[in-house]
Amino acid sequence: MLSQPEDLLLYEYDGSVEVARPDCVVFPGSTADVVEVVRLAAQHHVPLVGRGAGTGLSGGALAREGGIVTSFARMNRILEIDVENQRATVQPGVVNADLSLAVQHTGLHFAPDPSSQKACTIGGNVSENSGGPHTLAYGVTTNHVLALEVVLPTGETVRLGSAAVDPPGYDLTGVFVGSEGTFGLVTEITVRLVRLPEAVETLLAVYDLVDDATQTVAEITARGITPAACEMMDGWTIRAVEDYVHAGFPLDAAAVLLIEVDGLSEVVEKEAEAVAQVCTLHHARSVRVARDTAERDLLWKGRKNAFGAAGRVSPSYYTQDGVIPRTKLPATLRHIGEISRKYNLAIGNVFHAGDGNLHPIILFDQRNKQQFRDAVSAADEIIEFCIAAGGSITGEHGVGMEKDRLMPLLFSEADLDLMKRVRGVFNPMGLLNPGKIFPTSKGCGEIYVRPQPAGAVRSA
Amino acid sequence: MSRATSVISENLAAVLGSGQILTNPDQLRGYLIGGKTPQAAIRPGSDQEVAEIVRFARSEKLTLVPTGARTKRNMHIPMNEFDAALDMVRIDRVVAYDPADLTLSVEPGLRLSRLQGVLAEHGQFLPLGPPFADRATVGGTIASGVDSPLRQFYGTARDYVLGMEFVTGDGRVVKSGGRVVKNVSGYDLHKLLIGSFGSLGVITKVNFRTFPVVTSMRAFIALFDSAQDAVEMRHRIAQSPLRPLTLEILSPYAGELCLGDLARDAMDAKLPGGLSQGHWTLLVCFAGTGRVLERYERDIPLLARPGQAALLEEKTASVALARVQEFLPIALESSPGAVILRISVLPSEIARALDDGALAATREEIPWAAMARGVGVIYFALLPTALGGRSRVDRAVDTLFEAFPSGRESVTIAWRADPGGESLPLRKTSRNDLEQMRKIKHAFDPSRVFAPDPLAAWI
């Protein structure tokens with residue numbers, strides 16, 4: 001347990017722009033320990049917040065109202081690997097990439113791959129229903145979680161779902177995944193493992209116009225091609241990344257698409273050809289296929305470090321996570337360009353284009369009050385555009401304490417009320433992760449931004 | 001005229017129009033559910049009307065059963081006393097369809113087969129393949145959570161339903177999720193509605209992700225001497241890089257019922273000896289073009305024993321798949337006392353589960369047929385030759401309940417040919433999340449307006 005102010009400092013932050021200091025941090029080593037912690041917290045009415053690696057991007061793991069942060073750092077064992085049935089059971093503190101590494105020799109992997117996968121934990125992935133570049137074809141965390149053991153704020157330990165598919169009764173596992181730590185503390189997770197593809201091709205398509213890149217994505221979708229991943233980076237991002245990672249992206253391009261196809265070698269061959277054809281049709285300057293694993297890894301390294309790169313070139317930045325229907329991609333990127341010009345603020349775009357999941361990075365200098373206000377207005381306008389286009393306020397980062405105020409833009413009072421009642425089924429006293437997801441002040445839809453500290457690195 | 005009938009006709013006729021409230025016994029016979037007939041059938045035309053009916057039912061302490069095409073009337077759903085059927089078939093529009101986004105928003109009363117027709121015009125489809133596929137509605141398919149052979153490749157509704165609107169027991173229209181393919185805004189409440197049998201709310205709109213249609217489908221049919229041998233081929237396919245669309249294993253009698261003539265034709269032409277009685281059948285479908293198809297056609301036979309697998313061309317493959325998809329109706333039709341269990345196990349336990357089932361049925365001298373999906377879901381049909389063998393059926397059911405005691409697996413009674421017949425055994429369960437499920441029911445439907453009660457299947 002930690003309770004000295006200097007120790008707690010580390011737990012004030014996650015990967016988001018939010019800050020909140022807990023009163024203490026505890027490190028349970030077992031489910032029984034977690035039960036003890038929960039009982040104590042309940043007895044003394046102290047808020048309780050679960051925490052994995054603290055890589056979250058919406059303040060989900062921060063103690064907004066103080067209290068106890070329960071770190072799962074010590075509960076990091078892989079409990080069972082069942083190769084025959086393609087299942088694994090893990091403790092919540094297991095690092096995402098470590099599970100895939102542990103089963104690599106069996107030809108399997110855990111498919112959800114957030115950019116922070118080398119640090120983020122599977123417990124955190126479950127709470128946030130995390131995505132990642134390859135969720136386009138493989139689905140997000142919820143599609144891979146079969147069963148959970150959870151400790152509820154009442155101190156009860158409950159098993160949800162089952163290792164076998166289709167457990168009878170209501171899909172409690174389904175509603176628990178993505179509940180952002182407001183239902184219970186997850187102590188054990190049974191996931192599906194997916195066979196590694198026989199073949200992989202990674203294509204880099206380079207464009208002189210952003211519009212051509214977004215049109216390409218819309219057409220790939222419309223043709224019914226589902227690549228394993230389809231990521232876009234605009235010119236600003238390319239230059240920031242190249243300066244940092246040296247992945248070989250062309251510095252003069254307006255945009256690149258990083259598209260991966262995988263599966264049976266015959267399927268990959270056919271799809272790579274189809275993808276390249278669409279890229280060319282939409283005026284890609286060049287379409288390059290990564291020659292080997294090293295080149296593929298370097299391209300991905302560039303993509304996955306884009307946010308770190310942004311942190312190096314701007315004093316402050318703010319990232320959003322809005323989602324739009326994929327046909328609206330060209331119009332949305334044009335609109336973001338207009339907003340950028342209107343406020344005279346650089347906005348980088350690096351995102352999961354195939355899913356329509358945007359991550360505009362708005363750059364500003366927090367010392368400049370006007371710029372700060374403009375950044376807030378720009379963010380506001382982008383998210384309003386997403387909602388008007390039939391989209392969503394968050395695709396994978398979660399609502400947390402960052403987007404709670406936006407929830408009324410998407411959901412009616414009746415919708416939010418039922419969600420709260422369902423939270424009450426698991427967390428009746430509101431002891432767990434208070435001040436998250438639901439707007440604290442009624443009917444308010446304004447955007448709330450705090451500047452990213454200079455040089456901070458985060459990923460998405 | 002009962003109190004329910006008169007209260008409903010007097011108060012709701014003005015709202016819905018008198019033609020939308022059925023009280024004539026002849027008409028109501030079509031709404032026989034679990035052997036009982038409702039006092040009225042109410043046919044709302046919009047989600048607002050549904051909300052109004054639910055509020056009215058709540059205030060009058062009436063109970064409702066949402067219905068669609070009523071193809072699931074043979075499903076075994078514990079049901080509280082009910083007053084009226086809430087017939088959703090008039091709420092049947094395609095609200096929004098954006099082929100280029102591969103997203104769809106549709107109302108529950110629409111027939112799935114008709115919806116597939118609309119999607120097909122744009123080269124797309126939904127991988128829902130319920131039993132009674134020609135008549136089932138979208139809402140019934142989702143609310144009952146029935147699965148299909150296509151889950152082998154596409155997963156189940158929980159993987160491609162993006163959001164929903166529904167009316168809860170307090171008569172409010174509520175939504176969750178959205179219409180985009182990736183979304184973590186708010187809780188995924190719609191997942192609770194899938195397979196809830198209308199016990200939590202009345203689905204008024206479902207948002208789906210759509211998929212490109214399957215072209216050039218082929219299948220292999222392979223015969224085995226034992227369930228174990230068939231399941232081993234399933235394992236070999238699972239360990240290969242191949243990703244078939246469907247994979248089902250049929251017991252000898254199930255194979256005969258579904259595929260008898262087809263298998264004989266295919267096998268007689270291609271395999272020396274042809275189809276003989278007593279074989280287990282594995283049907284695996286796959287699709288693609290050109291070299292992809294060639295790859296499947298080359299590799300799958302290598303995973304069977306030499307000369308054991310016969311290729312079915314597109315037309316025959318489609319017929320075979322359609323029959324396997326209709327296994328449940330076919331089995332129900334074959335016996336007046338049919339009781340079909342649904343057994344969920346890990347794939348490594350499929351063979352054991354099939355053996356346990358065979359043993360339990362044989363010991364009670366009940367004819368049986370089984371279909372196992374490659375993912376580990378088994379439909380085990382007890383098919384007594386006549387009604388009245390109930391105690392034998394009960395004993396077989398109990399034996400199977402006891403054979404799968406842990407929370408890792410599950411056995412439920414899924415379908416029965418005579419839903420109005422004697423009550424069937426309840427299942428003891430070691431699950432410890434029942435309390436949370438009951439509270440979920442209370443959160444959605446505090447006054448218990450909705451009569452279906454799936455949680456009552458356990459003690």
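Overview of results
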{"item": "Mean separation of Cα contacts under 8 Å, 6 or more apart, over the residue count of region A:1-154: relative contact order %", "result": "20"}
{"item": "Packing-based ranking, highest mean first, of B:100-108, B:40-48 given that Cβ atoms within 10 Å are counted", "result": "B:100-108, B:40-48"}
{"item": "Peptide-level mean, for B:404-411, of C-beta atoms on other protein chains within 10 Å", "result": "4"}
{"item": "Contact surface B-A: accessible area buried, both sides summed, square angstrom, 1.4 angstrom probe", "result": "6400"}
{"item": "Considering only the protein assembly as shown, percent of DSSP beta bridges that pair antiparallel, nearest 5", "result": "85"}
{"item": "Selection from A:VAL350, A:THR327, A:ASN433 lying farthest towards where the dipole of chain A points positive, charges on Cβ", "result": "A:ASN433"}
{"item": "Peptides B:445-452, A:350-357, A:88-95, A:424-431 ordered by average Cβ neighbours within 10 Å, highest first", "result": "A:350-357, A:88-95, B:445-452, A:424-431"}
{"item": "Per-residue average of Cβ from other chains inside 10 Å of A:417-428", "result": "5"}
{"item": "Solvent-accessible area per residue for the protein assembly as shown (1.4 angstrom probe, square angstrom)", "result": "35"}
{"item": "Net dipole in debye of region B:1-129 [+1 Lys, Arg Cβ; -1 Asp, Glu Cβ; about Cα centre; nearest 20]", "result": "480"}
{"item": "Cα centroid of region B:1-71 to Cα centroid of region B:87-149, whole Å", "result": "24"}
{"item": "Calculated from backbone phi, Karplus (6.51, -1.76, 1.60) coupling profile of region B:131-137 in Hz, x at Gly/Pro", "result": "x, 6, 4, 6, 10, 4, 8"}
{"item": "Mean Cβ neighbour count within 10 Å, used as a protection proxy, ranking B:58-68, B:400-410, A:144-154 highest first", "result": "A:144-154, B:58-68, B:400-410"}
{"item": "Accessible surface of region B:299-376 [probe 1.4 Å, protein heavy atoms]: carbon and sulfur percent", "result": "57"}
{"item": "Dipole magnitude of the protein assembly as shown about its Cα centre (Cβ charges: Lys, Arg +1; Asp, Glu -1), debye to nearest 20", "result": "1060"}
{"item": "Shielding of A:388-394 by partner chains, average beta-carbon count, 10 Å", "result": "5"}
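The values are calculated or read from the model by the stated rules, or taken from the named source; none is laboratory data. Treat the numbers as computed from the prediction; the structure is a model and nothing was measured. Every residue, glycine among them, receives a Cβ derived from its backbone with ideal geometry; neighbour counts consider all protein chains shown. In case anyone asks, the SASA skips ligands and DNA or RNA and just uses the protein heavy atoms, side chains included. Shrake-Rupley method; radii C 1.70, N 1.55, O 1.52, S 1.80 Å.
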